[in-house]
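A short worksheet on the structure shown next.
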Amino acid sequence: MARDRQDAADAELLTGRSRGHLEPWRDEAGECLLHRAVIEPLRALRARAAREGICLCVASGFRSFDRQLRIWNAKARGERPVLDDRGSPWDWAALADRERIHAILRWSALPGASRHHWGTDLDVWDPVAAGAGYRLRLETDEYGPGGAFRRLAAWLEELSSTATGFVRPYPGWGGGVAAEPWHLSFLPLAGDYQRRLTPELLRAVLAGADLELKAAVLAELEEIHARYVRVPPLHTAGG
Ligand SMILES: [Zn+2]
């Protein structure tokens with residue numbers, strides 16, 4: 001019985017439906033919620049960055065299942081544009097359900113399967129390098145040559161995961177999730193969470209959710225899990 005309760009609590013944490021493990025995080029750019037065990041390692045990471053003249057701030061931390069569900073449903077209904085490889089909006093009416101699913105998954109996680117559900121993952125930027133009034137887009141050109149965050153991105157690339165615990169799970173496009181050079185994951189926790197977020201656990205949660213495209217999602221949940229959830233391999237830049 002105690003085992004069942006523990007499994008249920010784990011399932012809630014893994015799919016963004018609990019907040020008991022979270023604590024507020026504040027920095028120059030604002031505030032969000034993060035896993036309490038990530039707060040100290042992130043402070044240490046910020047201190048490292050500061051020594052290089054980088055003001056590492058969090059743009060986005062924990063995101064709940066319900067928030068991800070609203071994002072997914074708005075895109076699935078065509079209320080929010082979904083972009084193709086070249087950055088143009090798809091002709092939504094022309095796509096079959098299966099094509100819609102993969103078009104959304106390129107940019108947005110399936111509710112229940114976002115790494116942001118865990119509180120161990122965060123998107124980072126440098127508001128000082130950006131300058132006053134800058135509107136963060138979280139697009140790759142901002143982190144590439146000539147972008148406001150090129151120094152931050154280069155520094156993250158050299159980062160030792162052994163020393164800091166942080167890795168970048170989406171360094172480049174590999175057929176699943178688009179490149180997200182700004183996304184950091186605290187591997188000592190997230191590695192374990194990723195292993196425990198199985199297709200079976202996800203199926204049980206999604207079956208009871210008010211999810212658009214649900215039948216098509218459940219029909220190919222194994223493939224979706226392999227391509228977008230089980231991120232291969234976790235990059236540990238710098239070792
Ligand atoms: Zn992210």
*asked:* Step by step: first the residues of the range 54-71, then only those that are more than 15 Å from the ligand (Cβ to nearest atom) and surrounded by 15 or more Cβ atoms within 10 Å (Cβ to Cβ), then the one that is nearest to the chain's Cα centre (by Cα). Which residue is that?
replied: Phe65
_For the range 199-230, give me each residue that is surrounded by fewer than 19 Cβ atoms within 10 Å (Cβ to Cβ), farther than 18 Å from Arg100 by Cα and touching a residue at least 24 places away in the same chain (Cβ under 8 Å)._
Pro199, Leu201, Ala204, Ala209, Arg230
*Got at least one residue in the range 69-89 being in contact (Cβ under 8 Å) with a residue 40 or more places away in the chain and in contact with a strand residue (DSSP E or B) (Cβ under 6 Å, 6 or more places away or on another chain)?*
no
*Is there a residue being in contact with a Lys or Arg (Cβ under 7 Å, 6 or more places away or on another chain), surrounded by 13 or more Cβ atoms within 10 Å (Cβ to Cβ), assigned to a loop (DSSP other than H, G, I, E, B) and modelled with pLDDT of 95 or more anywhere in the range 12-25?*
yes
*Does any residue of the range 27-38 turn out to be within 17 Å of the chain's Cα centre (by Cα) and of a type in the set (Gly, Ala, Ser)?*
no
*Evaluate the following for Arg36: is it more than 16 Å from the ligand (Cβ to nearest atom), of a type in the set (D, E, K, R) and closer than 25 Å to Ala148 by Cβ?*
no
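The values are calculated or read from the model by the stated rules, or taken from the named source; none is laboratory data. Remember, predicted model here, so these are calculated numbers, not experimental data. Glycine also receives a Cβ, built like all others from the backbone with ideal geometry; neighbour counts cover every protein chain displayed.
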